[in-house]
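The values are calculated or read from the model by the stated rules, or taken from the named source; none is laboratory data. No experiment lies behind these values; they were computed from the predicted model shown. Note that we place each Cβ from the backbone using ideal geometry, even for glycine, and neighbour counts take in every protein chain shown.
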Amino acid sequence: MTIELVRPSSGAHKVVVNDCGCALTGGAWSPDSRRLAYVNGEGIYVVERSGRRWRQRLLAAPPGQGFAWSPRGKAIGFATDSGVEIVSLAGGVRTLVPFRPHEALWGVGWSWAATDLAYQKPEEVLFLVQVSPRELEARVPIQQLSADGDRVAYFLCPHIFGTWRPGEGQPLFPGRTTLLACRPPENEFVNYVSDLALAGDRLAYLTSVAANSVWTRLMLTTFNPCCESEGGTIVENGAHYDWRPALDNVVGAGTTIVYGSRAGLDTSTQGPETIWRLDDYKPVQITSDAEDLQPLAVGEGRIVARRPDGSLELIDLEGGVLRTLDVHALGAVLAGGDLVVHVAGELRDYSASTGELRYVWPLPDVPSLTLDDAARGVVVYTLDGVVHLLRLSSGADVTVPGATAAELTDAGLFCAYRGEDPWPGRIRFVPFDELPL
């Protein structure tokens, strides 16, 4: 690549830069016209108009969204995917405006401030989320939640997740996020979220997008109070429209996250579902059976997996079988020593260590009943859209008024419900010793 100057009066050409191998993606004169800044694949460079001085590289990586000189010609402002930054001619870089994910601008400009410019008080910022010691309120409905330990993760809308520990003054991720951050759905992976799974300080979830096939990604992020991220891709795969999802059934607890995976479009037929775990960010396959093995729950180094006939296996994190149950399970959850199984018309509590059947309680045999969670001898299930709590030792059963979804941990009950405008999204926390059972 070369940069040449052409005098309008004579049409004479003069080579200022001869930079072979890198394409020019932008250029701009300094305010005094003595220097020329340009961008190639390696960064931002400045060269004198005369070409006598060797070029100076100000930035080691190219900006993503444009750049502009300061009015005095002492610095250059540029935009990237993470914000607007300024680099001085001495090479110092600082961030002027940070961006949230997918908020990058397509250009940047810099001008003198008018001497008669009047200060106008900013309008009140409408935060997306606010909290009290036992309740979180959001300006959009809570679409999904996942609890682990003493905190809960939630999904509000595309690109917006959060985590909240009751009693803390501010939720993490997104924390002080404005309403403008909630964007309408677009054809992007992060807009369609399923299988939200919180495990310690990690959040895993699935996103999908439809094209010639249905592509699914497993995403993983770690909550950090200093920054925000919508997560990184762990693995992705595709499936024909008449196939089952290529990635499915993400569950997590404590330090463990597992998921199911099937072969994708690289085969003529879809393979069986196998179970994988995440070691930090690395997927590790732990089963390889010839038929589907679907992860339903995880806890204390054990995984509850279901075969196509509904029978259950309790396996360790290396795939070793610890116990089998010859049942036709519609769902199952694991809570300490309890393996709670939903079969047609009843709820069964087995000892996870011995397989002994401890309790059996009748439930309606209807498709609208789902087993959601369990902890400390209490089960939460949903029947016809109504959330119930059931104590395994006595069969005592109560409803949770207004709840649309709920999860139990050893700390207590986290339930989502619909609130009044302008805070339609709500999560309420009830400590375990205050549960109405």
Just the residues that are closer than 24 Å to Arg418 by Cβ and loosely packed, with under 14 Cβ neighbours inside 10 Å, please, taken from the stretch 365-399. Val366, Pro367, Ser368, Thr370, Asp384, Gly385, Val398, Thr399
Could you list all residues from the stretch 288-312 that are touching a residue at least 40 places away in the same chain (Cβ under 8 Å) and more than 20 Å from Ala374 (Cα to Cα)? none
Which ones in the stretch 232-257 are outside any loop (DSSP other than H, G, I, E, B), of a type in the set (D, E, K, R), more than 11 Å from Trp215 (Cα to Cα) and modelled with pLDDT under 90? none
From (1) of a type in the set (S, T, N, Q); (2) at pLDDT 80 or above; (3) surrounded by 14 or more Cβ atoms within 10 Å (Cβ to Cβ), pick out the condition that doesn't hold for Ser33. (3)
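Filter the stretch 36-50 down to the residues that are surrounded by 14 or more Cβ atoms within 10 Å (Cβ to Cβ) and out of contact with any Pro (no Cβ under 6 Å at 6 or more places or on another chain) and list them by number.
Step one: of the stretch 36-50, the residues surrounded by 14 or more Cβ atoms within 10 Å (Cβ to Cβ) are 36-40, 42-49.
Leu36, Ala37, Tyr38, Asn40, Glu42, Ile44, Tyr45, Val46, Val47, Glu48, Arg49, listed by residue number.
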In the stretch 269-298, which residues are more than 15 Å from Asn249 (Cα to Cα) and in a strand (DSSP E or B)? Asp279, Lys282, Val284
Tell me which strands (runs of 3 or more DSSP E) are completely within the stretch 320-386 and hold 3 or more residues being within 21 Å of Asp309 (Cβ to Cβ), or say none if there are none. 321-325, 331-335, 338-343, 346-351, 369-375
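Take Glu407 and decide whether it is touching an Asp or Glu at 6+ places or on another chain (Cβ under 6 Å) and acidic (Asp, Glu).
Values: touching an Asp or Glu at 6+ places or on another chain (Cβ under 6 Å): yes; acidic (Asp, Glu): yes.
Against the criterion (touching an Asp or Glu at 6+ places or on another chain (Cβ under 6 Å) and acidic (Asp, Glu)), Glu407 qualifies.
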Among the residues in the stretch 45-68, are any modelled with pLDDT of 85 or more, assigned to a strand (DSSP E or B), under 15 Å from Trp29 (Cβ atoms) and aromatic (Phe, Trp, Tyr)? no
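Here's the yes/no breakdown for (1) buried (at least 17 other Cβ atoms within 10 Å of the Cβ); (2) modelled with pLDDT under 70:
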| residue | (1), (2) |
| --- | --- |
| Tyr154 | yes, no |
| Pro166 | yes, no |
| Gly169 | no, yes |
| Thr177 | yes, yes |
Listed residues Arg391, Arg358; which is of a type in the set (Lys, Arg) and touching a residue at least 40 places away in the same chain (Cβ under 8 Å)? Arg391
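Please work out if Tyr205 is modelled with pLDDT under 85 and either closer than 15 Å to Val152 by Cβ or touching a Ser or Thr at 6+ places or on another chain (Cβ under 9 Å) (or both).
no
From Glu420, Glu434, grab the single residue that is surrounded by fewer than 21 Cβ atoms within 10 Å (Cβ to Cβ) and either within 17 Å of Leu145 (Cβ to Cβ) or modelled with pLDDT of 95 or more (or both).
Details: Glu420 fails: either within 17 Å of Leu145 (Cβ to Cβ) or modelled with pLDDT of 95 or more (or both).
After applying the criteria, what remains is Glu434.
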Going through Ala329, Ala239 one at a time, which residue ends up being of a type outside the set (Ser, Thr, Tyr) and touching a Pro at 6+ places or on another chain (Cβ under 7 Å)? Ala239
Got at least one residue in the stretch 274-287 being free of Cβ contacts under 8 Å to residues at least 24 places away in the same chain, crowded, with 16+ Cβ neighbours inside 10 Å and more than 21 Å from Leu220 (Cβ to Cβ)? no
Does any residue of the stretch 309-330 turn out to be of a type in the set (A, V, I, L, M, F, W, C), within 30 Å of the chain's Cα centre (by Cα) and over 22 Å from Ser261 (Cα atoms)? no
Restricting the search to the stretch 258-276, which residues are modelled with pLDDT of 95 or more, touching a Phe, Trp or Tyr at 6+ places or on another chain (Cβ under 8 Å) and not small (Gly, Ala, Ser)? Val258, Tyr259, Ile275, Trp276
